[in-house]
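Input: a single structure, listed below in structure tokens.
Here, each number is a calculation from the coordinates, and none is a lab measurement. Just so it is clear, the structure is predicted and the values come from calculations on it, not from any experiment. Note that we place each Cβ from the backbone using ideal geometry, even for glycine, and neighbour counts take in every protein chain shown.
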Amino acid sequence: MQPIFDGHNDVLYRLWKHSKSGTDPVQEFIEGTTSGHIDKKRALKGGLVGGLCAIYVPSGDLAFKAPDANGHYTTPLAAPLERAPSLDVALEMASIALRLQQAGGWKLCRSTTEINECIEQDQFAAVLHMEGCEAIDADLTALDVFYAAGLRSLGPVWSRNNIFAHGVPFAYPMDPDTGPGLTGAGEELVKACNRLGILIDLAHITEKGFWDVARLSDQPLIASHSNVHALTPVARNVTDKQFDAIRESKGLVGLNYAVAMLRPDARENADTPLTDMVRHIDYMVNRMGIDCVALGSDFDGAKIPGEIADASGNQKLVEALREAGYGEDDLAKICRRNWLRVLGAAWHEQ
Ligand SMILES: [Zn+2]
């Protein structure tokens, strides 16, 4: 089995959502459930040893557009969110993350040494991530507090605009150049992340925002859960020019298991073969090299191939890659080593 450290999941969002109807999030994660994709038992079974766990504030008004006869769709960006209620939600999710640590469900890791210790001890290595910074003020005071609580990775923006940046819509086919990039506050956020040692994730940002961060940041460039635009031209996927910049910066792209970002027709159809996943990995390896390709499942945040089903089926992808010719050293890089390398760089470990 290849242990997998995964670049993106929404398990905190799922646990938070269920907690609103009375379930205990700590119990749900530790004792297991049949809903969603990740809990401690299913993670252990599938060799999922840890990952970036997102604090994500949902958009109540997001209405996904149905595709037309050609399969084309454009979902308008959700409206911007108010800060105070976003902060409440973010604090509730951070609290679930901290309670899970207190109960021994997982460990919130702040260094690659801690992640490696977790892997050796069969403890789930969680890295606290924020997907869209609506909970953070322009003065970045909340950033200091979340950092103290363990935040070590963030995407300035989700697929909606905020005070820091502009997001890309869910649309097919569409290029990622859909609007402006970083704002002045966003530039300050990027500088603060570089100073504090917080990884900057470019997964939902516009193409202009991508180049703004590339110009400002001294970190490797990361898209934690995105795929290949040349194969599946949704606005969220990465273009060849962006792949080249990511390779130059020694960054990475984590393969998103979302079927709508894997399939050539971009349909929300779980009957999606593992060969579609392998095709995206092959493309990225050919374009950027084996050191810049990793995994970013989007477990608990997307519809994924039925064959994988949940975290317990993770090794089926590894097996498909093995059959496609990847050796164990290459698989170790894709499954965890590349993530550990870029986290170490963003966290000023080397
Ligand atoms: Zn996402």
Long-range HN-HN contacts of Ser153 with modeled amide H, under 5 Å: Met130, Leu199
Unit charges on C-beta of K, R, D, E only; dipole of region 81-126, Debye: 100 debye
Gained length - Asn194 relative to Ala69, 0.36 nm times residue gap less alpha-carbon distance: 40.5 nm
Around Ala270: net Lys/Arg minus Asp/Glu count, Cβ-Cβ under 13 Å: -2
Cα centre as origin, Lys/Arg/Asp/Glu Cβ charges: the chain dipole, Debye: 160 debye
Label-point gap, in nm, between Ala79 and Met1 - each point 7 angstrom along Cα→Cβ: 4.7 nm
Net charge contributed by nearby residues that have their C-beta within less than 14 Å of Ala192 (K/R +1, D/E -1): -3
Per-residue [θ]222 nm for the chain (sum of -39500 (n - 2.57) over DSSP H runs n ≥ 4, rounded to 500): -11000 deg cm²/dmol
Amide H contacts of Ser217 (H built 1.01 Å from N, under 5 Å, at least 5 apart or other chain): none
Derived scalar couplings ³J(HN,Hα) [region 220-226; Karplus, 6.51 cos²θ - 1.76 cosθ + 1.60; whole Hz; x for Gly, Pro]: x, 7, 10, 10, 6, 8, 8
Length gained when the stretch Lys241-Asp175 is fully extended (0.36 nm per residue, less Cα-Cα span): 22.6 nm
Amide H contacts under 5 Å for Val228, placed H, 5+ residues apart: Val238
Burial ranking of peptide ranges 200-206, 11-17 (average Cβ count within 10 Å, highest at the top): 200-206, 11-17
Viscosity 1.306 mPa s, 10 °C: Kirkwood-radius Stokes-Einstein D of region 4-346 over Cα pairs, µm²/s: 81 µm²/s
Local electrostatic count at Glu31 - Lys and Arg +1, Asp and Glu -1, tallied over other residues with Cβ under 13 Å: 0
Label-to-label distance, nm, for residues given as Ala149 and Gln121 (7 Å Cα→Cβ offset): 2.3 nm
Within the chain, longest stretch free of exposed GluC sites (Glu not before Pro) [DSSP loop, at most 13 other beta carbons within 10 Å]: 83-348
Simple label model, 7 Å out from Cα along Cβ direction - Ser35 to Leu98, nm: 2.6 nm
Theoretical FRET efficiency, 1/(1+(r/R0)^6), r = Cβ-Cβ of Asp24 and Ala324, R0 45 Å, to 0.05: 0.60
Karplus 3J(HN,Hα) series, Hz, for region 277-288 with 6.51 cos²θ - 1.76 cosθ + 1.60 (x for Gly, Pro): 6, 4, 4, 5, 4, 4, 4, 5, 5, 5, 7, 10
